[in-house]
Each structure stands twice: as structure tokens, then as C-alpha cells.
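First comes the structure, then the notes that go with it.
The values are calculated or read from the model by the stated rules, or taken from the named source; none is laboratory data. Bear in mind that the values here come from a model prediction, so they are computed numbers and not experimental data. Every residue, glycine as well, gets a Cβ built from its backbone with ideal geometry; the counts of neighbours run over all protein chains shown. When the accessible area is computed, the model is the full protein with side chains, heavy atoms only, and any ligands, DNA or RNA have been set aside. Shrake-Rupley method; radii C 1.70, N 1.55, O 1.52, S 1.80 Å.
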Amino acid sequence: MKQSLQQTTSLKQEMRMNPRLYQAMDLLYMPLMDLQQRLKEELLVNPFLELSDPDVEQEDDAVPVEADKDLTDQGKDENEVDWEDILLDGFQSAPSASTYEDREFYERVPVEMHDLTDHLRDQLKLLDLSDAQYALADEILGNIGDDGYLQASLEDVVRGANSESRRLGEEGADVEREETNMFSREQAEEVLRIVQTLDPPGIGARDLRECLLLQLQHLGESDTLAYKLVLEHFDDLIAHRWSHLAKTCALEPREVQDATDRLAALDPKPGLRYSISTSDYVTPDLIVEKIDGMYRVFLNDTGIPRLRISKIYRDIAADKRKFVGENKEFITNKLNSASWLIQAIEQRRQTMLKVMNFIVDRQRDFFEKGIEHLKPLTLREVADVIQMHESTVSRVTNQKYVQTPRGVYPLKFFFSSSLGTSTGEDASARAVKAQIQKLVSNEGTERPLTDSQLGELLKVKGVNIARRTVAKYRDQLGILPARMRKRV
């Protein structure tokens, strides 16, 4: 076979993503806080951008500067200026610092918090412990999770303490250790019992059963029926087998249930009360208000920097004779980038308003009557109406929140699948869940509603739903089965 090199021509179509289109999608995807940070970064790196003063009328800002085709690259000569000097001189003519400080967004500053481990270690310092006991206790505290449970076996605790002891010995640390620096499981068991006496009660437990027993011991209720049930009949207890427990313990079912009510008042995760709160505050991107009987949609963008093209640098860039080579390319790119960014932000605003206005029109019954009147809605329906791609609507609604007269909701809340009804109209799955929640909250505790009964009641209301679908929605709502909701 003879090998040879050949040249051929072909014509084909390709779809390539423009880098600016990537950036536009990112801006559309960003929630409010991320967008604020992004625009602040652009203000720092692009000298053609500046904060806009709404009180001062600005001329046309978004005029991109294209490269002058008549100019030729003449190299470094007297006509080519130093762009760095221009920037430094130009910043002296920029708005005063107070202009930016008035619009500055002050973010929360993270501070060091006193967590569960610190709380327990402070208590250990008040106890008279030997070096070996303190070393084991410190190893145990390092293996206690945020919920307060010991997350490692005692064998792992001993292994970790012995390893740390050897490391300190190799480094020549002046640390006295009993038992020639070797710890045993019996020592770890003893120290664990000491740790379990600390506050909060139930700390250091290895499972839920031990956690409840420790709390009852702390309350002086070791001789109560509740303690006996946890100690001897824990499996039946968590399965809510009231009748079986009553027969086994020769008691009335009511007595067993009263004991379980006492257990329900205990804390199953005692460590969480000392955990560091990392709650994120939601800043709504949109606001819906009812004005004169009509629902109006507003963008909550008062904290977003208002950008415009700097007149100072635009005037500098207008004289193309001064710039050749890299300087001209830098100016053209930065000015075009600034102009495009302003247009992309405005497009983001208009897209969000279009989507939210359609949601308000479609879900008007929700705003008027509540969640039970929420209608089914898909991204495809919104995309078809506003004449945009479904992926664009998905980006608009992702991680965005809206403040309404009924509370603050994520935009994804208004989208749900549909279920058929006897009237021919579709019902929102989220509205059906709300109806299930309402039926269960109003049921009799002695005869709770089964999944089949819930399905029949929903069919009376016109919702065609299968029993297994009721069971799925009930699980998603965190509602126990009927036999576990029953009370005597």
C-alpha cells in the first residue's frame, strides 16, 4: 500500500459557543449576592466601567470601539502613548471616594465561635484528671460529631491516643504518660463515662438508646417506666408497638404511651444546641406586591452597582490616532467588554421580569387563596410563552428567590408536575401535598387516616390519585404511616 499526503476541501456547519455567551449564561445563573460580587470585580479590572449616578443624566454609554482598519502598526513611536500613565492620570479625575462608599455593600464578617468541642474542653479543665485521662478525653472529644454522638469505636480512640503519644515521644516533648505511654480499652471506657457526665446531658453517646438513657439518668429518672422501656424494649418502642409493650410489661396501653410521650420530650441530638449556626440569609431577587388590586413585579436590584461607560476614558479612546499596537487592542477589548457587560445585565433584568410576570399571571390563585390552589407548571410552558429556550428559563429560576405577600419562596417552588382531576383540569402535585398535610393535621388521633383513605378523600375533592402516590407524597412530607400515628 502506497502512502501519500493529500489536501482536500470540505464544507461543514459547526456550532461553537462564544466566550461572551458563556459569560452571559453565568450572569443569568448567578443569584443576587454573587452578581453583586461579580460586578465589583469587573469595576476593579476594567477602567472603562464606573458607577452610575442616577441623579446625573448620562449620554449614550454602550458604544463599542472597533479597531481602526486604516491604522497600521507603526511600532513604538512618538504617536504611541503610555496607557499606564493615562490610567493613573485618569483616575485622578474619577468620582470621589465618597461616591463609591455610599453604594458600598457591607458583608457579614465571620468571627470565631465557641463550638461544642470548646464547650466540652472548658468543662474538662475544671476536672481533676491525670495526663493519661486528659489525653484520652481529648481524643474522645475529637471524635464527637456536631450532633453529640461518639463517631468512632473505643478501639479507634485508643489507637489514635497511642499514636499521638508515640509522636510526642519521638519529638522529645516533655509529657508524662502512665502505662509507658500505652492506653487500654478499659481506660478509654472509664474516661468515656467521665465525658458522658458533661453538659449537655447525653453527650458522648454511641447510639440513640444510650443517649436517652444518659439523659434520663441525669434527670434522676432511672427507676421510671420510660427508662425501663428504653433499656429492655427499645426495638418495640421505636416501632410504636404499644399493645405488645403493654402486654409484655403487664400495663395499660395508656401508661406505655405516657412513658413514650416523656421520651419524646428528650433531645435526640444534644450536641446541636452548641453547634455553630451557619444559617444563610436569603436575599430575594424579585418582589411581588399587590397594588390597587393588581400584582406588580419588581426587581430587588438596589444593591447591585449601576454601571456605565466612563466618559473620561471613552473620550481618551475616541482619539484613535494616539493608539497603535497593543495599546489599541487593549482599549478596544476593554471598551467592548464594558459595553457588552452593561447590555448583558439589562438583558438579565428583562428576562427575569418576563419569567416572573408569567408566573404571577399563571399562579394568581396561589397569591389569592394559598398553596392548595397552586397550578401545575413546567419550564417548557414558560419558555414557549416568553419565546426563550427552556435552559434559559432554568437558569433564571435556579437559586433565585421572590418576596411575595405570602412569604419568600424560591422560584422553583412555582414549578411542579400535574395530576388529573375529575373536572378535566390538572392539579399541581405541590397543591395535592398541601391537601394531604391538611387532612392529616385534622384527623382523629385514635383512628388516623390510612393511605387508601387519604386517596379516597382526595378523589372526593376531584383529584385522581393512586394509593402508592399518596404514600410517596406522605413520605416526602415526613408524615409517619397510620399505625405509627395512632394513639390510645
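The residues on offer are 449, 454, 411, 419, and the sole one that is open to solvent by less than 50 Å² (accessible area, probe 1.4 Å) and modelled with pLDDT under 85 is 419. Within this structure, residue 483 fails the test of being surrounded by fewer than 17 Cβ atoms within 10 Å (Cβ to Cβ), over 16 Å from residue 372 (Cα atoms) and at pLDDT 85 or above.
Taking region 34-48 as the range and being touching a residue at least 24 places away in the same chain (Cβ under 8 Å) and of a type in the set (Asp, Glu) as the test, only 42 passes. I'd like to check something: does region 270-284 contain any residue that is over 32 Å from the mean Cα position of the chain (by Cα) and open to solvent by 30 Å² or more (accessible area, probe 1.4 Å)? So far as region 270-284 goes, no, none of its residues is over 32 Å from the mean Cα position of the chain (by Cα) and open to solvent by 30 Å² or more (accessible area, probe 1.4 Å).
Give the residue that is nearest to residue 346 (Cα to Cα), with candidates limited to residues of region 290-317 that are outside any loop (DSSP other than H, G, I, E, B) and free of Cβ contacts under 8 Å to residues at least 12 places away in the same chain. Among residues in region 290-317 that are outside any loop (DSSP other than H, G, I, E, B) and free of Cβ contacts under 8 Å to residues at least 12 places away in the same chain, the one nearest to residue 346 (Cα to Cα) is 296.
Kindly indicate whether residue 283 is assigned to a loop (DSSP other than H, G, I, E, B), among the polar types (S, T, N, Q) and modelled with pLDDT of 90 or more. When the stated conditions are applied, residue 283 does not pass them.
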